[in-house]
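Single-structure report; data block below.
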Amino acid sequence: MKKMTLISLIAFGSLSMIGTASASDAVCGLDNGLLATGESIKVGGIYGNAAPGDFSAATDAAGAYFKCVNENGGIHGRPIEYMVENDQWNPELAAQAAAKLVDDEAVVAMVGNSSFVEMSVNAPMYAENGIMAMASGCAVSECFESSNIVSTNQGPLSSSVGAAIYAIEELGATNISCIGMAIPSVGNWSCGAVQSYMESKGLNASFVLLNPAAPDVNSALLEAMASGADSMLVNLPAGLGIAFLNAAEEQGIADAYSWTSSTPLYDASVPKALGSYWSGKLFISAELTTIDGAGPDNQNWLKVMDAYANADDPRDTFAQSGYLSAKYFVKTMNQMAPEKVNDRAAVTEAIQGINGYTSDLMCGPYYVGKADRHMPNHAGMIVEVRDEAFHVVRDCFEYDGPYFQPILEAEKALGLR
Amino acid sequence: MLALLVFIFIPVLAGGQWVKIFISTGCFILAAAGVAFMYARLGMVSLGQIALMGIGGWVMLRMNHAFDLPFEINLAVAGAVTLVFGWLLAMPALKMRGLYLALITLMAAGGLEVIFSTFRFPNGGEGFWGVMPSVADPFRRPTLASSDADYLRYIILAIVVGFLIIELHMRTAPGRAWAMIRRSEAAAYASGVNVVYYKAWAFGLAGFLAGISGGLLAGGLGLLDPATFRASESIMLFALMIVGGSRGWLGVLIAAALYRIVPALFNDWGIDADISLIIFGAALLHAIITAPNGLSGQLIDLFSKESKRT
């Protein structure tokens, strides 16, 4: 009888284990179905959530992946403690959040950072403290032009140049007006790169910048029309981009110009918000693969989100980006010697050693390297807004232009080209 | 004594996050001191103090990136330039009081808000505005206060000096002139007080304090953002000064603590910091209805009653 009871208990226990392991068929980290135990490894993340928008999708997705990893062997069996702070788009709060995570909590790395503000404020601090930030939602130049931040997303510059390339090659644009925000490290930087690209091809470009404190889309539209452009490149946050396109719709000028946009308008709500007027007329640069992409990694991201994220957490490009940063971080940590994973300097060195990671989420390889700038993601795809949905019209293609020359040379040095 | 204790212990005991919070709070203590003395001593409502801080911060950053001068010289220039702006602000305001004066200062703050958000703050770029679309050049803190903890001590010293400057004014001719102007401008004229001169002096002093506080705030982060200097922030600081009490240093400390420490506490606890606005609203009602001298007045009354009992 005792033997029977013991066998029953073992059978029940085994079934329970199978039940735990198969709660989701998402693949995470070591993927051994074992719960991580012992001293946790502290990892930080900063996002911005206040007006002008909520950028928490990346840290939500990174958090979901870390939860999945903690149920699948963790990092060498140890769990990740993911500590997330909201900078509320406020530089002082961003600095305080970084001080809390980097100084007080002694996190070994930052993962999934996603903000307009955080990187500008904290880039020097990360460098001084020898910590790497594997960001996911970079929107400012500082994020791509500093030694200790590397992002999986493209940011407005790459995304806009990608849209400009498509406008020239497929829509016959010869003179582009780039409409951006009057923030030097955002609008001037990204629209300036579009202008440099156009000039490098012997074409014309100009830019119209909106004051973020008082954006006036009608006057911006009139200024863009007066520039003599034959193509409009909308490089604005989604809400403002929709307002700008609505102003153009009121003027009835959709057919007078070709229309492209950087990634912010690649948002599930946009096609319906724009309506049938823009069907077949707007082409948007997508930084990562499409949300419903059939690739195994994109499908795994969706499974992780379904199993470990909240139901209302966004399934968007930033979430894909957060997942990817977290995945690459965990992969790197599991390749380190177990006794080194709590040593920030060793973790930083390991992250800087990342070279040639690939995923169907990203068009090109992901790498870090020791450099004063990082922009591994500079190839993307183009989607068209048609019948209130997105349709891929150009698959992965690489961007070129003067801005990317030093990046391409760095990739050659790393043996990626 | 309190300043000495704070000077010694706070930078040691507080963690990195709280040292940064106290640095920010310290800067706003100086700015609030300027608004408080204008209101308490002259009855003038200035709703442009944080915009003036922005000017001080702009000059500080511009000086830092343009010249290789010591921090203190840059700070003095920031204070002096903001003092001049304070005077400029005083020009149309000299014949006004109450609501009209408040509106003039608020409009000036609104104008500066547009300028800051359009042209941004210098970060090492070229040209007059000094803005470049990339990582900001390094900011040079004082030689003796390069770490956050030491920089907090530096700010505590600056606050003490700022309070002493105000106190010195209170005890000398300007203080007496301001007291007369507050009671009656006509009587002050009749007594031979140069009302225009002393009003402009008050605006200049408040501007100087705002400039110094803006310069110190620039040193806290090494860069500044226009969102910090919105006109609405000046209104908030003034309202919190009413809550804290405008007649002494304790009220100013309470105002700055409410302005910066309460939201930070909420953030740290994972509570939405905007809830602090509800608390501020309730505190303002409380102060207006029951505490003409603010929370500091109530605290002082409480302690004096307790000491009489014992």
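Of the residues A:241, A:280, A:293, which is more than 30 Å from residue A:357 (Cα to Cα) and in a loop (DSSP other than H, G, I, E, B)? Before you say what the answer is, go through the steps one by one.
Working: A:241 fails: in a loop (DSSP other than H, G, I, E, B); A:293 fails: more than 30 Å from residue A:357 (Cα to Cα).
One residue alone meets the criteria, A:280.
When you look at residue B:224, is it away from chain A (no Cβ under 11 Å), crowded, with 24+ Cβ neighbours inside 10 Å and either within 13 Å of the chain's Cα centre (by Cα) or farther than 15 Å from residue B:283 by Cβ (or both), yes or no? Explain how you work it out, then say what you get.
Details: away from chain A (no Cβ under 11 Å): no; crowded, with 24+ Cβ neighbours inside 10 Å: yes; either within 13 Å of the chain's Cα centre (by Cα) or farther than 15 Å from residue B:283 by Cβ (or both): yes.
No, not satisfied.
Being in contact with a Ser or Thr (Cβ under 7 Å, 6 or more places away or on another chain) and at pLDDT below 90 is the filter; apply it to the stretch B:99-133 and report the residue that is nearest to the other protein chains (Cβ to nearest Cβ).
Filtering the stretch B:99-133 for residues that are in contact with a Ser or Thr (Cβ under 7 Å, 6 or more places away or on another chain) and at pLDDT below 90, the one nearest to the other protein chains (Cβ to nearest Cβ) comes out as B:133.
Find all pairs meeting these conditions: Cβ atoms under 8 angstrom apart; at least six residues apart or on different chains; first residue within the stretch B:252-274 and touching a residue at least 40 places away in the same chain (Cβ under 8 Å) and within 13 Å of chain A (Cβ to nearest Cβ); second residue in a helix (DSSP H, G or I) and among the small types (Gly, Ala, Ser).
B:259/B:32; B:260/B:24
Is it the case that some residue within the stretch A:83-101 is part of a loop (DSSP other than H, G, I, E, B), surrounded by fewer than 24 Cβ atoms within 10 Å (Cβ to Cβ) and either in contact with a Lys or Arg (Cβ under 8 Å, 6 or more places away or on another chain) or more than 14 Å from chain B (Cβ to nearest Cβ) (or both)? Can you show your working first?
Here is the first cut: in the stretch A:83-101, the ones part of a loop (DSSP other than H, G, I, E, B) are A:87-90.
In the following step, the residues that additionally are surrounded by fewer than 24 Cβ atoms within 10 Å (Cβ to Cβ) were identified as A:88-90.
Subset that is either in contact with a Lys or Arg (Cβ under 8 Å, 6 or more places away or on another chain) or more than 14 Å from chain B (Cβ to nearest Cβ) (or both): none.
There is no residue in the stretch A:83-101 that is part of a loop (DSSP other than H, G, I, E, B), surrounded by fewer than 24 Cβ atoms within 10 Å (Cβ to Cβ) and either in contact with a Lys or Arg (Cβ under 8 Å, 6 or more places away or on another chain) or more than 14 Å from chain B (Cβ to nearest Cβ) (or both).
Do you know which residues across the stretch A:145-156 are outside any loop (DSSP other than H, G, I, E, B) and under 12 Å from the mean Cα position of the chain (by Cα)? Please lay out each step first, then the result.
Taking the stretch A:145-156 as the starting set, the residues that turn out to be outside any loop (DSSP other than H, G, I, E, B) are A:149-151, A:155-156.
Within the stretch A:145-156, A:150, A:151, A:155, A:156 meet the criteria.
Scan A:258, A:227 and give me the residue that is among the hydroxyl-bearing types (Ser, Thr, Tyr) and under 27 Å from the mean Cα position of the chain (by Cα). Even if it seems obvious, please write down each step before you answer.
On the way: A:227 fails: under 27 Å from the mean Cα position of the chain (by Cα).
Only one candidate passes the filter, namely A:258.
Keeping to the stretch A:243-266, report how many residues are crowded, with 21+ Cβ neighbours inside 10 Å and farther than 18 Å from residue A:204 by Cα.
8
In the set A:330, A:368, which member is among the β-branched types (Val, Ile, Thr) and assigned to a loop (DSSP other than H, G, I, E, B)? Working first, answer last.
Numbers: A:330 fails: assigned to a loop (DSSP other than H, G, I, E, B).
Only one candidate qualifies: A:368.
What is the number of the single condition among (1) assigned to a helix (DSSP H, G or I); (2) touching a Pro at 6+ places or on another chain (Cβ under 9 Å); (3) within 14 Å of another protein chain (Cβ to nearest Cβ) that residue A:60 does not meet?
(3)
Quickly run through the stretch A:370-417 and pick out the residues that are exposed (fewer than 14 other Cβ atoms within 10 Å of the Cβ) and of a type in the set (Gly, Ala, Ser).
A:389, A:413, A:415
Which residue out of A:173, A:164 is at pLDDT 95 or above, buried (at least 24 other Cβ atoms within 10 Å of the Cβ) and assigned to a loop (DSSP other than H, G, I, E, B)?
Details: A:164 fails: assigned to a loop (DSSP other than H, G, I, E, B).
The unique qualifying residue is A:173.
Of B:40, B:51, B:31, which residue is crowded, with 24+ Cβ neighbours inside 10 Å, over 24 Å from residue B:128 (Cα atoms) and among the aliphatic types (A, V, I, L, M)?
Working: B:40 fails: crowded, with 24+ Cβ neighbours inside 10 Å; B:51 fails: over 24 Å from residue B:128 (Cα atoms).
The match here is B:31.
Quick one: in the stretch A:201-238, of everything that is in a helix (DSSP H, G or I) and buried (at least 18 other Cβ atoms within 10 Å of the Cβ), which residue is nearest to the other protein chains (Cβ to nearest Cβ)? Quick ask: steps written out before the conclusion?
Going through the stretch A:201-238, the residues in a helix (DSSP H, G or I) turn out to be A:217-226, A:238.
So of that shortlist, the ones also buried (at least 18 other Cβ atoms within 10 Å of the Cβ) come out as A:217, A:220-221, A:224, A:238.
Numbers: A:217: 17, A:220: 14, A:221: 19, A:224: 18, A:238: 20 Å.
Residue satisfying both the conditions and the ranking: A:220.
Report yes if residue A:193 is within 14 Å of chain B (Cβ to nearest Cβ), modelled with pLDDT under 95 and either part of a loop (DSSP other than H, G, I, E, B) or surrounded by fewer than 19 Cβ atoms within 10 Å (Cβ to Cβ) (or both), otherwise no. Working first, answer last.
Details: within 14 Å of chain B (Cβ to nearest Cβ): yes; modelled with pLDDT under 95: yes; either part of a loop (DSSP other than H, G, I, E, B) or surrounded by fewer than 19 Cβ atoms within 10 Å (Cβ to Cβ) (or both): no.
Judged against the criteria, residue A:193 is not a match.
Does any residue of the stretch A:136-148 turn out to be crowded, with 24+ Cβ neighbours inside 10 Å, closer than 30 Å to residue B:23 by Cβ and away from chain B (no Cβ under 14 Å)?
Yes, because at least one residue in the stretch A:136-148 is crowded, with 24+ Cβ neighbours inside 10 Å, closer than 30 Å to residue B:23 by Cβ and away from chain B (no Cβ under 14 Å).
Looking at the stretch B:262-274, which of its residues are in a helix (DSSP H, G or I), of a type in the set (A, V, I, L, M) and touching a helix residue (DSSP H, G or I) at 6+ places or on another chain (Cβ under 6 Å)? Break it down into steps so the answer makes sense when it comes.
Here is the first cut: in the stretch B:262-274, the ones in a helix (DSSP H, G or I) are B:262-268.
Now restrict to residues that are of a type in the set (A, V, I, L, M): B:262, B:264-265.
Once the filter is applied, which keeps residues that are in a helix (DSSP H, G or I), of a type in the set (A, V, I, L, M) and touching a helix residue (DSSP H, G or I) at 6+ places or on another chain (Cβ under 6 Å), the stretch B:262-274 yields B:262, B:264.
Could you tell me which residue of the stretch B:177-187 is surrounded by the most Cβ atoms within 10 Å (Cβ to Cβ), considering only residues that are within 14 Å of residue B:95 (Cβ to Cβ) and modelled with pLDDT of 85 or more?
First pass over the stretch B:177-187, keeping only residues within 14 Å of residue B:95 (Cβ to Cβ): B:181, B:185-186.
Okay, now just the ones that are also modelled with pLDDT of 85 or more, so B:181, B:186.
On the way: B:181: 22, B:186: 9.
Filtering first and then ranking leaves B:181.
Can you tell me which residue within the stretch A:60-105, out of those that are over 25 Å from residue B:17 (Cα atoms) and of a type in the set (Lys, Arg), is nearest to the chain's Cα centre (by Cα)?
A:67
Here is a check on your reading of the model: is residue B:283 part of a loop (DSSP other than H, G, I, E, B) and surrounded by 14 or more Cβ atoms within 10 Å (Cβ to Cβ)? Working first, answer last.
Working: part of a loop (DSSP other than H, G, I, E, B): no; surrounded by 14 or more Cβ atoms within 10 Å (Cβ to Cβ): yes.
Judged against the criteria, residue B:283 is not a match.
Considering B:157, B:144, which residue is assigned to a helix (DSSP H, G or I) and in contact with a helix residue (DSSP H, G or I) (Cβ under 8 Å, 6 or more places away or on another chain)? Walk me through it before giving the result.
Values: B:144 fails: assigned to a helix (DSSP H, G or I).
It is B:157.
Write out, first by first residue and then by second, each pair whose Cβ atoms fall under 8 Å of each other, whose residues are 6+ apart or on separate chains, and whose first residue, in the stretch A:67-78, is without any contact (Cβ under 8 Å) to a residue 40 or more places away in the chain and within 17 Å of residue A:336 (Cβ to Cβ) while the second is surrounded by 21 or more Cβ atoms within 10 Å (Cβ to Cβ) and basic (Lys, Arg).
Pairs that qualify, where the first residue is without any contact (Cβ under 8 Å) to a residue 40 or more places away in the chain and within 17 Å of residue A:336 (Cβ to Cβ) and the partner is surrounded by 21 or more Cβ atoms within 10 Å (Cβ to Cβ) and basic (Lys, Arg): there are none.
The values are calculated or read from the model by the stated rules, or taken from the named source; none is laboratory data. Note that the structure is predicted; figures quoted are calculated from it, not measured. Every residue, glycine as well, gets a Cβ built from its backbone with ideal geometry; the counts of neighbours run over all protein chains shown.
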